[in-house]
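Undergrad: Sharing a structure, written as structure tokens. Questions coming.
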Amino acid sequence: MIRMINKYLGRGEFSITVPPLDGALRPNELLEETAKLLIVDAPDSLALMNGVPVVSTHFKVLEVDNGNKEVARFDAEISCMTGLPNGGLAVGLIDGRIAVVNGPNNGKIIEPSEGATCPTAMYADSGSNLFVTHGSSINNYNEWKKDLMEKNSSGSVWRVEISTGKQTKIYGGLAFPYGIYCNGKLFIVSESWRSRLLRIFLDGSKPPEEVLGHLPGYVSRIAPAKRDGIWLTVFAPRCQLIEFILRENRYRKLMMRQIAPQFWVAPTLRSNKSFLEPLQSGGVKQLGIMKPWSPARSYGMIIRLDSDFQPVGSLHSRADGSRHGITSCIEHNGRLLMAVKGDGMVASFPLARIEKE
């Protein structure tokens, strides 16, 4: 009865609220100070291959510091990558296959299993196992916006033995898991549609535990920080308008049926590319200027978490910024490298500069 009353009045779990950007998540413009290291269309996943930073863009893998040098090319788009401890690179493809480049298993192709067709992030341990998050069992990686608007929770985590190709499902029912991290003790997965981090128990002895929740954006990949803690990328912001649309089922289904996906009232990696896009009143330019505090469908954010997975700092590109849609980051040689997919670049920022903030 109380739930019905709350639903009618819009209270409790039915209230439309978004967590504020406050405390360690207070907005700044540090991402606007990052250097453009590589200009490339839709850079997505960063990894270290034999100690060299590489980035994926559509069908190709490029070296970051070597002027667009092509490392590998595939017949399907790349959806995620990770470096292998014994050398080489594991590459997830949009059709669900996993390929190995260089190293002892160079050229190996692992075919997808049922329910494991949307690799979004990978982690390789020292025992030649890959741990892979699959965002959805219904949609592919490029259909993430559709997966959110359908309100799916069909994602999963799998263990893959590289040598044999054997795949074992560890846990399912996740709402688009998009990042994975292990420090030797804890196994952490980022769950995008629920804007949180989960601890996964590999032996299945317990259900996942939330270690950090109620974040103000849709989380993506995770990278270790060498001094301590981790980096967490946020590829798009949450806002009240989108939260409202997600609850209005009839409107949401009509929108998906009648309007092209790029014009949905939904998060995006880069907004303001077309005058046909949906607007909120604060998002309308005035005198040709987009106000930095405007409600926006795209944003740039990287969160620094401590060893207890609590936010201790963050870097932002606000509504009027030019570093939106960050899907991946890694540390390398005193720099934080980031794949700015929404604005088409790999950017670099000195870690020493971040530590002073």
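The values are calculated or read from the model by the stated rules, or taken from the named source; none is laboratory data. Keep in mind it's a predicted model, so treat the numbers as computed, not measured. Cβ placement follows ideal geometry from the backbone for every residue including glycine, while neighbour counts extend to all protein chains displayed. The area values use the complete protein model at the heavy-atom level, side chains included, leaving out ligands, DNA and RNA. Shrake-Rupley method; radii C 1.70, N 1.55, O 1.52, S 1.80 Å.
Undergrad: Can you give me the Rg/Rh ratio for the chain, using Cα atoms for both radii and the Kirkwood formula for Rh?
TA: Details: Rg = 19.7 Å, Rh = 20.7 Å.
So for the chain, dividing Rg by the Kirkwood Rh gives 0.95.
Undergrad: Which value, in Å³ per residue, describes the convex hull spanned by the Cα atoms of the stretch 4-53?
TA: Values: hull volume 10.7 nm³, N = 50.
Spelled out: Cα convex hull of the stretch 4-53, divided by residues, is 213 Å³.
Undergrad: Then there's this: 222 nm [θ] for the chain, helices only, -39500 (n - 2.57) per DSSP H run of 4+, per residue, to 500? Mind dumping the intermediate values first?
TA: Values: 5 runs with 38 residues, N = 357.
About -3000 deg cm²/dmol.
Undergrad: Just subtract the alpha-carbon distance of Lys7 and Leu186 from 0.36 nm times their residue separation and send over the number in nm, one decimal. Display every interim value, and only then the final one.
TA: Numbers: separation 179, 0.36 × 179 = 64.44 nm, distance 3.74 nm.
That pair, Lys7 and Leu186, stretches by 60.7 nm at full extension.
Undergrad: List the residues, sorted by chain then number, that are 5 or more residues from Ser271 or on another chain and whose placed amide H is less than 5 Å from its amide H.
TA: Ser298
Undergrad: Explain nothing, just the number: dipole magnitude of the stretch 125-166 about its Cα centre with +1 on each Lys and Arg Cβ and -1 on each Asp and Glu Cβ, in debye rounded to the nearest 20.
TA: Details: 5 positive and 5 negative charges, 16 e Å.
Approximately 80 debye in magnitude.
Undergrad: A further question follows. About the Cα centre, and with charges only on the beta carbon of Lys, Arg (+1) and Asp, Glu (-1), how big is the dipole of the stretch 293-357? Nearest 20 debye, please. Walk me through the numbers before you get to the answer.
TA: Working: 8 positive and 7 negative charges, 47 e Å.
Dipole magnitude for the stretch 293-357 comes out near 220 debye.
Undergrad: Further question on the same structure: Over the Cα atoms of the stretch 98-156, what Rg and Dmax result, in angstrom?
TA: In order Rg, Dmax, the Cα atoms of the stretch 98-156 give 13.4, 41 Å.
Undergrad: Between Arg159 and Asn129, what length in nm is gained on full extension when 0.36 nm per residue of separation is reduced by their alpha carbon distance? Write down the numbers at each step before the final one.
TA: Working: separation 30, 0.36 × 30 = 10.80 nm, distance 0.67 nm.
Once the chain is fully extended between Arg159 and Asn129, it gains 10.1 nm.
Undergrad: When only Cα pairs under 8 Å and 6 or more residues apart are kept, what is the percent relative contact order across the chain?
TA: Values: 888 pairs, mean separation 58.6, N = 357.
Relative contact order here is 16 percent.
Undergrad: Springs between alpha-carbon pairs under 10 angstrom, Gaussian network model over the chain: which of Arg159, Arg227, Arg335 fluctuates most?
TA: Looking only at Arg159, Arg227, Arg335, the largest GNM fluctuation is found for Arg227.
Undergrad: Oh, and also: Using a 1.4 Å probe on the protein heavy atoms, what percent of the accessible area of the chain belongs to carbon and sulfur? Intermediate results must be reported in sequence, preceding the final value.
TA: Details: 8020 of 16100 Å².
Percent of accessible area from carbon and sulfur atoms in the chain: 50.
Undergrad: Now for a different question. Dividing the alpha-carbon Rg of the stretch 230-310 by 2.2 N^0.38 Å yields what? Each step should come with its number before you reach the end.
TA: On the way: Rg = 15.1 Å, N = 81, 2.2 N^0.38 = 11.7 Å.
So the Cα radius of gyration is 1.29 times the expected 2.2 N^0.38 Å.
Undergrad: How many angstrom lie between the C-alpha centres of the stretch 93-139 and the stretch 181-250?
TA: 20
Undergrad: For the stretch 14-161, what size does the Cα cloud have along each of its three principal axes, sorted from largest down, in whole Å?
TA: Principal extents (largest minus smallest coordinate, Cα): 53, 41, 29 Å.
Undergrad: Given the stretch 202-357 reduced to its alpha-carbon atoms as identical point scatterers, what log10 I(q)/I(0) does the Debye formula return at q = 0.09, 0.11, 0.17 Å⁻¹?
TA: Per q value, in the given order, log10 I(q)/I(0) is -0.36, -0.52, -1.05.
Undergrad: On to the next question. Say the cut-off is 31 Å between C-alpha atoms; which of Lys285/Lys341; Lys7/Lys291; Lys36/Lys169 go over it?
TA: Among Lys285/Lys341; Lys7/Lys291; Lys36/Lys169, the Cα-Cα distance tops 31 Å for Lys7/Lys291; Lys36/Lys169.
Undergrad: Please give the peptides 29-39, 257-267, 83-93 ranked by average Cβ packing (other Cβ atoms within 10 Å per residue), highest first, as a rough proxy for protection.
TA: Values: 29-39: 17.3, 257-267: 14.5, 83-93: 21.5.
Result, highest mean first: 83-93, 29-39, 257-267.
Undergrad: Dipole of the chain (Lys/Arg Cβ +1, Asp/Glu Cβ -1, origin at the Cα centre): which of Asn28, Gly10, Gly96 lies farthest to the positive side?
TA: Toward the positive end, the furthest listed residue is Gly10.
Undergrad: Quick one: what does P(r) look like for the stretch 311-357 with 10 Å bins over all Cα pairs, in whole %?
TA: Reading upward from the zero bin: 26, 54, 20, 0.
Undergrad: Peptides 96-109, 185-198: what's the order by average Cβ count within 10 Å, highest mean first? Please list the in-between numbers first.
TA: Values: 96-109: 17.3, 185-198: 21.1.
Listed from highest to lowest mean packing, they are 185-198, 96-109.
Undergrad: State to the nearest 20 debye the size of the charge dipole of the stretch 91-157 about its Cα centre, where the only charges are +1 on K and R beta carbons and -1 on D and E beta carbons. Please list the in-between numbers first.
TA: Numbers: 5 positive and 7 negative charges, 24 e Å.
With Lys and Arg at +1 and Asp and Glu at -1, about 120 debye.
Undergrad: While we're on this one: Treating the Cα atoms of the stretch 80-212 as identical point scatterers in vacuum, please give the log10 of the normalised Debye intensity I(q)/I(0) at q = 0.12, 0.17, 0.20, 0.21 Å⁻¹, two decimals.
TA: Debye output, listed in q order: -0.41, -0.83, -1.13, -1.23.
Undergrad: Hey, another quick one. Among Phe275, Ala47, His58, which residue has its Cα positioned farthest towards the positive end of the charge dipole of the chain, with +1 placed on the Cβ of Lys and Arg, -1 on the Cβ of Asp and Glu, and the dipole taken about the Cα centre?
TA: Checking the options against the dipole of the chain, the answer is Phe275.
Undergrad: How far is helix 249-258 tilted off the main Cα axis of the chain, in degrees rounded to 10, range 0 to 90?
TA: 70
Undergrad: Taking the Cα centroid of the stretch 260-297 and of the stretch 307-322, what is the distance between the two, rounded to the nearest whole Å?
TA: The distance from the Cα centre of the stretch 260-297 to that of the stretch 307-322 comes to 21 Å.
Undergrad: Using only the Cα atoms of the stretch 185-279, each taken as one equal point scatterer with no solvent, compute I(q) by the Debye sum, divide by I(0), and report log10 of the ratio at q = 0.13, 0.14 Å⁻¹.
TA: -0.61, -0.68
Undergrad: Right, next: Quote to one decimal, in nm, the extra length available between Glu32 and Asp203 on full extension: 0.36 nm per residue of separation minus the C-alpha distance between them.
TA: Values: separation 171, 0.36 × 171 = 61.56 nm, distance 4.29 nm.
Roughly 57.3 nm would be gained on extension.
Undergrad: Still on this structure: For the peptides 306-312, 201-207, 338-344, what is the packing order when you average, over each peptide's residues, the other Cβ atoms within 10 Å and list the highest mean first? Show your work: numbers first, answer last.
TA: Numbers: 306-312: 13.4, 201-207: 9.7, 338-344: 25.0.
Peptide ranking by packing, descending: 338-344, 306-312, 201-207.
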